[in-house]
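One structure below.
The values are calculated or read from the model by the stated rules, or taken from the named source; none is laboratory data. Treat the numbers as computed from the prediction; the structure is a model and nothing was measured. All Cβ positions, glycine included, derive from the backbone under ideal geometry; neighbour counts span all protein chains shown.
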Amino acid sequence: MSPENAPRLILQFGGNSDRGVKASNEDAFTALLPTEKSTRKYKGAAACIADGASCSSNAQLASQTAVTNFISDYFSTPDYWSVKQSAVKVIGAINSWLYQQRRQDLVRSDGYVTTFSAVIIKSHTAHVFHTGDSRVYLLRDGELEHLTQDHNYRRGDKNFLTRALGFEQNLELDYKSLRVQTGDRFMLTSDGVHDNIPPSELIELACGKTNDLEEIAKLITDVALHNGSEDNVSCLLVDVAELPIERIDEAFQQASLLAIPPILNPGNTLDHFEITHVLHSGTRSHVYRARDTRSDILRVIKVPSINCNDDPEYLESFAREQWIGRKLQHPQLMKIFSPPEGSQFLYHVCEFVQGKTLRQWMTDNPAPDLDQVRLLLDAMIVPLRALHRAKMVHRDIKPENFIINRDGVITLIDFGTMQIAGIDEISEAHVAQPALGDISYMAPEYMLHGSANQQSDLFSLAVIVYEMLSGQLPFKLPTSNSDTPKQIERWQYQPLSKRAIPSATTPLWIDSVLKKALAPKVEYRFQALSEFREEFTNPSPEMLRSVNLAPLIERHPLRFWQALSLVLALIILGQWILQSQ
């Protein structure tokens with residue numbers, strides 16, 4: 001199936017709003033299904049409704065501001081942000097603005113307060129965000145489910161809000177997600193509608209006897225007014241007409257249509273790239289240095305191995321790597337450029353980063369001093385922090401994936417195993433993938449359960465630091481993926497003091513810092529890269545105290561064995577003296 005004919009997200013909208021018996025309409029709603037395919041793919045579609053608080057003369061402005069700003073700002077957030085991250089960020093900003101306007105008004109009743117309910121549909125998941133007493137319903141198979149909770153209380157014959165946008169500086173926002181199906185209908189209503197139509201009648205009206213959503217929405221608002229509603233009445237309907245393929249994303253679909261190039265040698269050309277050196281040739285990929293014949297710029301060409309032609313998971317990860325490299329913009333993250341327009345081949349065009357791998361540096365410098373290690377740790381944290389701020393987890397941090405130049409600047413490469421919050425939402429639903437990467441540097445939670453977070457990358461980084469200081473790995477683990485440990489207890493930290501070549505200038509508290517960074521259980525590790533770096537440079541009093549509490553054999557193994565030998569010698573000498581008397 002070609003990408004043009006592949007199923008995609010298609011929604012239908014219809015709504016109606018009426019001021020009813022009131023002088024003005026303080027309700028507002030809007031919806032958007034992006035026309036741009038990539039935006040629809042990575043951000044989905046959105047619909048929202050707002051009902052300005054009647055006690056405020058700015059109610060209409062508040063509701064209109066909420067819905068229009070939400071739609072425009074949500075679709076402006078980065079593609080790699082998750083739906084929840086994007087929406088919460090945008091709604092929080094809207095709330096802050098409305099609240100500030102309210103504070104500036106001398107009369108509280110002139111504040112900017114509005115209810116707000118939104119539905120975002122991305123791939124096969126609906127994300128619902130809500131505050132106030134507007135409502136979101138799901139109509140499926142003739143059953144109407146109320147998805148939100150009213151944030152109000154009743155006094156006499158009036159409802160009073162307990163939560164809303166602009167109501168408090170710190171917003172309490174309800175969130176839930178649910179699977180969607182083709183044929184689902186979402187209904188968003190203001191309280192002028194659902195407070196005046198019994199549930200049984202609302203179900204009948206929502207099902208409708210026509211396919212015209214505008215007509216159904218108008219009928220619902222008309223019935224609410226006929227039943228005596230004294231408020232504005234608004235109803236927005238969203239029909240799920242078609243859903244995209246869930247298993248693979250657009251990049252993988254495009255990659256599946258391209259041919260894998262044959263093995264190349266110096267002098268061969270691939271499109272307008274002339275191969276100059278073979279940098280790596282393995283069972284999964286081939287990496288070449290190449291010259292762009294159009295610009296004379298050196299590039300790195302990465303090509304999947306022909307052996308992977310029937311491996312959809314690898315090809316998907318290859319496509320993901322290209323997508324990531326093209327989106328990321330940071331001087332210490334390797335750039336991946338778009339392949340030539342109209343190319344028939346699957347490959348990456350990567351930035352050529354001059355320097356050597358950290359692995360080669362470690363080979364050339366087998367016994368670095370602590371200051372050198374600190375400088376390298378600082379340099380490695382920079383690109384890794386940039387990834388984490390983008391809500392990405394690398395999952396394959398190892399010396400081979402860092403390039404260090406002559407100035408000590410480090411570039412992070414290889415994004416093939418990356419975990420991305422926004423992209424994972426369009427992957428096959430909740431299927432745990434096997435861990436990929438070098439198990440020598442892999443965090444236990446990722447190896448055992450396939451789940452990784454930013455602290456998993458921190459763990460891998462600490463393994464590298466330990467290896468630089470000792471020349472060895474901190475755990476005695478198998479080196480084969482087929483013999484990985486099954487229990488977390490297998491990760492038994494080996495103190496630096498027990499290793500063969502620790503530097504005599506390495507302070508004892510470094511062991512305590514690394515032991516915490518390498519804790520097998522995530523909850524016992526440092527929470528952030530900055531915390532690890534700070535303790536590795538300027539240990540806290542608690543860290544120093546932990547050294548004094550450690551057994552002598554861990555703090556001073558040489559002294560321990562010297563003392564033990566002396567005691568044994570004295571015992572033997574004493575026995576000899578007693579026997580000779």
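Points to keep in mind about this one:
- Matching residues, region 200-215, being surrounded by 11 or more Cβ atoms within 10 Å (Cβ to Cβ) and either at negative phi or modelled with pLDDT of 95 or more (or both): GLU201, LEU202, ILE203, GLU204, LEU205, ALA206, CYS207, ASP212, LEU213, GLU214, GLU215
- Residue match in region 266-276 (condition: in contact (Cβ under 8 Å) with a residue 40 or more places away in the chain, surrounded by 13 or more Cβ atoms within 10 Å (Cβ to Cβ) and among the hydrophobic types (A, V, I, L, M, F, W, C)): yes
- Filtered residues of region 475-529 (kept if among the small types (Gly, Ala, Ser) and either modelled with pLDDT under 90 or farther than 21 Å from GLU445 by Cβ (or both)): SER480, SER482, SER497, ALA500, SER503, ALA504, SER512
- When region 216-235 is limited to residues that are part of a loop (DSSP other than H, G, I, E, B) and of a type in the set (Gly, Ala, Ser), the one that is surrounded by the most Cβ atoms within 10 Å (Cβ to Cβ) turns out to be SER229.
- Among the residues making up region 329-364, a single one is over 24 Å from LEU375 (Cβ atoms), out of contact with any helix residue (DSSP H, G or I) (no Cβ under 7 Å at 6 or more places or on another chain) and of a type in the set (A, V, I, L, M): VAL349.
- Qualifying residue in region 293-303 (condition: modelled with pLDDT under 95, touching a strand residue (DSSP E or B) at 6+ places or on another chain (Cβ under 8 Å) and part of a strand (DSSP E or B)): no
- Filtered by the rule that a residue be at pLDDT 95 or above, crowded, with 20+ Cβ neighbours inside 10 Å and aromatic (Phe, Trp, Tyr), region 138-197 gives a lone residue, PHE186.
- Test: ARG374 is in a helix (DSSP H, G or I), modelled with pLDDT of 95 or more and either of a type in the set (S, T, N, Q) or surrounded by fewer than 17 Cβ atoms within 10 Å (Cβ to Cβ) (or both): yes
- Lone qualifier among ALA319, ALA290 - being small (Gly, Ala, Ser), buried (at least 17 other Cβ atoms within 10 Å of the Cβ), more than 26 Å from the chain's Cα centre (by Cα) and outside the structural domain of HIS388 (by TED's automatic domain parsing): ALA290
- Annotation note: of LEU558, LEU566, the sole residue that is more than 30 Å from PHE459 (Cβ to Cβ), modelled with pLDDT under 75, in a helix (DSSP H, G or I) and of a type outside the set (Gly, Ala, Ser) is LEU566.
- Every test in (1) among the polar types (S, T, N, Q); (2) at pLDDT below 95; (3) crowded, with 20+ Cβ neighbours inside 10 Å is passed by THR65 save one, and that test is (2).
- Here VAL238 fits the description: surrounded by 20 or more Cβ atoms within 10 Å (Cβ to Cβ), of a type in the set (Val, Ile, Thr), touching a helix residue (DSSP H, G or I) at 6+ places or on another chain (Cβ under 9 Å) and not in a helix (DSSP H, G or I).
- Residue under evaluation GLN419, criteria (1) more than 21 Å from ILE336 (Cβ to Cβ); (2) at pLDDT below 90, criterion not met: (1)
- Within region 341-355, residues that are within 11 Å of LEU270 (Cα to Cα) and in contact (Cβ under 8 Å) with a residue 12 or more places away in the chain have Cβ atoms under 8 Å from residues that are among the β-branched types (Val, Ile, Thr) and part of a loop (DSSP other than H, G, I, E, B) in these pairs: PHE345/ILE260; LEU346/ILE260, counting only partners at least 6 apart in sequence or on another chain.
- Meets criteria (modelled with pLDDT of 85 or more and part of a helix (DSSP H, G or I)) for GLU467: yes
- Condition broken by GLY267, with the remaining ones in (1) in a helix (DSSP H, G or I); (2) more than 30 Å from the chain's Cα centre (by Cα); (3) more than 29 Å from ALA462 (Cβ to Cβ) satisfied: (1)
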